[in-house]
Amino acid sequence: MPQVVLDTESAESGIAPEQIRARIGRTLAIMRAAIDEGLKGEVRSASGLTGGRARKLAENGPRLLGPRVTTTLARAIATLEVNAAMGLIVAAPTAGAAGVLPAILISMDEFAREGEDRLD
């Protein structure tokens with residue numbers, strides 16, 4: 001996180017920069033865990049209608065748009081499947097769209113090879 005953003009957040013919220021970074025780290029860890037759980041393919045909603053598609057997409061998905069897009073889509077679906085199964089997610093921006101932000105952030109980090117501390 002750029003220092004100017006961290007300084008502004010700290011000044012406006014009254015929260016120490018170290019606490020802000022720690023919270024972002026915890027949030028990213030939850031995002032990664034939801035993606036990992038969903039990609040296992042074992043998560044099912046109570047109705048049984050949702051689950052397992054993220055793993056199928058990741059392993060055998062359409063490659064028309066390339067592997068990066070397919071990977072990012074699989075991560076978004078994985079998070080949504082965990083949400084449908086009442087698992088722990090980060091509901092950002094909303095629970096219904098909760099797969100988008102984790103998929104983009106985690107994929108961007110991986111593809112750009114910036115390292116985890118660039119996201120915190």
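Could you check how many residues of region 49-68 are closer than 14 Å to SER107 by Cβ and either in a helix (DSSP H, G or I) or of a type in the set (Ser, Thr, Tyr) (or both)?
The total comes to 5.
If GLU59 meets every condition in (1) in contact with a helix residue (DSSP H, G or I) (Cβ under 8 Å, 6 or more places away or on another chain); (2) modelled with pLDDT under 95 apart from one, which number is that one?
Going through the list (1) in contact with a helix residue (DSSP H, G or I) (Cβ under 8 Å, 6 or more places away or on another chain); (2) modelled with pLDDT under 95, GLU59 breaks only (1).
Report every pair of residues separated by at least 6 positions or lying on different chains whose Cβ atoms are under 7 Å apart, first residue within region 19-44 and within 19 Å of LEU57 (Cα to Cα), second assigned to a helix (DSSP H, G or I) and among the acidic types (Asp, Glu).
Final answer for the pair search is GLY38/GLU81; VAL43/GLU37; VAL43/GLU81.
Any chance you could count how many residues in region 1-25 are outside any loop (DSSP other than H, G, I, E, B), within 20 Å of PRO102 (Cβ to Cβ) and not β-branched (Val, Ile, Thr)? Explain how you work it out, then say what you get.
Initially, region 1-25 is screened for residues outside any loop (DSSP other than H, G, I, E, B), giving 3-13, 17-25.
Those left that are additionally within 20 Å of PRO102 (Cβ to Cβ): 5, 20-25.
Now restrict to residues that are not β-branched (Val, Ile, Thr): 21-23, 25.
So the answer is 4.
Restricting to region 26-44, and then to whatever is of a type in the set (Asp, Glu) and assigned to a helix (DSSP H, G or I), can you tell me which residue is surrounded by the most Cβ atoms within 10 Å (Cβ to Cβ)?
GLU37
Conditions (1) outside any helix (DSSP H, G or I); (2) surrounded by 14 or more Cβ atoms within 10 Å (Cβ to Cβ); (3) of a type in the set (Gly, Ala, Ser), marked per residue:
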| site | (1), (2), (3) |
| --- | --- |
| ALA78 | no, yes, yes |
| VAL82 | no, yes, no |
| LEU88 | yes, no, no |
| LEU101 | no, yes, no |
| LEU105 | no, yes, no |
| ASP109 | no, yes, no |
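The values are calculated or read from the model by the stated rules, or taken from the named source; none is laboratory data. What you are looking at is a predicted structure, and each value in this text was computed from that prediction instead of being measured. Cβ coordinates were reconstructed from backbone atoms using ideal geometry, including for glycine residues, and neighbour counts include every protein chain displayed.
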